[in-house]
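**Student:** Before we start, here is the structure in question, set down as C-alpha cells.
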Amino acid sequence: MEREIWFRKWLWSYVPVHWKALALMFGAVLAVFACFGILVLAAQYWQRPAIAFTIPVPFVYILITTFRIARRHAA
C-alpha cells in the first residue's frame, strides 16, 4: 500500500502540501486549546491552581503524535 504525501520536509520542519495535513495541524491546535481550557476550568472549579501547571503534559503528547504522523506522511 502506497502512502499519501501530506507534508514535504523542508530544512528541519514539515510543510503541508495536502488538505489532510492542514486538517491535522488545525486539529492539533484545537486539541491543545481544548486541553488548556479544560485544565483551567478544572483548576477554577476545584480551587486547585496546581492543576493548571499540568498543561504541558497533553501539549507534549499532542505535539509528539503530530510529528510522528507528519514524519510518516512526508516525502
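The values are calculated or read from the model by the stated rules, or taken from the named source; none is laboratory data. As the structure is a prediction and not an experimental result, all values here were calculated from the model. Positions of Cβ are backbone-derived with ideal geometry, glycine not excepted, and every protein chain shown enters the neighbour counts. We work out accessible area using only protein heavy atoms, side chains counted, and drop any ligands, DNA or RNA first. Shrake-Rupley method; radii C 1.70, N 1.55, O 1.52, S 1.80 Å.
**Student:** Which angle from 0 to 90°, rounded to the nearest 10, does the C-alpha axis of helix 56-72 make with the longest principal axis of the chain?
**Tutor:** 10
**Student:** Of all chymotrypsin sites (Phe, Trp or Tyr not before Pro) in the chain, which ones are in loop regions per DSSP and have a Cβ with at most 10 other Cβ atoms within 10 Å?
**Tutor:** Answer in residue order: Trp12, Trp46.
**Student:** For the chain, what does the helix formula give at 222 nm: sum of -39500 (n - 2.57) over DSSP H segments with n ≥ 4, over the residue count, nearest 500 deg cm²/dmol?
**Tutor:** -20500 deg cm²/dmol, from helical runs alone.
**Student:** Of all the accessible heavy-atom surface of the chain, with the other protein chains kept in place and a 1.4 Å probe, what percent is carbon and sulfur?
**Tutor:** Carbon plus sulfur share of accessible area: 73 percent.
**Student:** On to the next question. Given Gly27, Gly37, Val60, which one lies farthest toward the positive end of the charge dipole of the chain, if we put +1 on the Cβ of every Lys and Arg and -1 on the Cβ of every Asp and Glu?
**Tutor:** Highest projection toward the positive end goes to Val60.
**Student:** Rounding to the nearest 20 debye, state how big the charge dipole of the chain is about its Cα centre with +1 on each Lys and Arg Cβ and -1 on each Asp and Glu Cβ.
**Tutor:** The dipole of the chain has a size of about 200 debye.
**Student:** At 1.4 Å probe size, with every protein chain present, just tell me what the per residue accessible area of the range 1-61 comes to in Å².
**Tutor:** Per-residue value: 85 Å².
**Student:** For the Cα atoms of the chain, what angle does the longest principal axis make with the long axis of helix 19-45, in degrees from 0 to 90, nearest 10?
**Tutor:** Taking Cα atoms only, the helix is inclined about 10 degrees.
**Student:** In the Gaussian network model of the chain, springs joining C-alpha atoms below 10 Å, which of Leu22, Leu11, Leu30 carries the largest mean-square fluctuation?
**Tutor:** Leu11
**Student:** Can you tell me, using C-alpha contacts under 8 Å and at least 6 residues apart, the relative contact order of the chain as a whole percent?
**Tutor:** Worked out over the chain, it gives 41 percent.
**Student:** Distances over 19 Å make up what percent of all Cα-Cα pairs in the chain?
**Tutor:** The share of Cα pairs beyond 19 Å in the chain comes to 46 percent.
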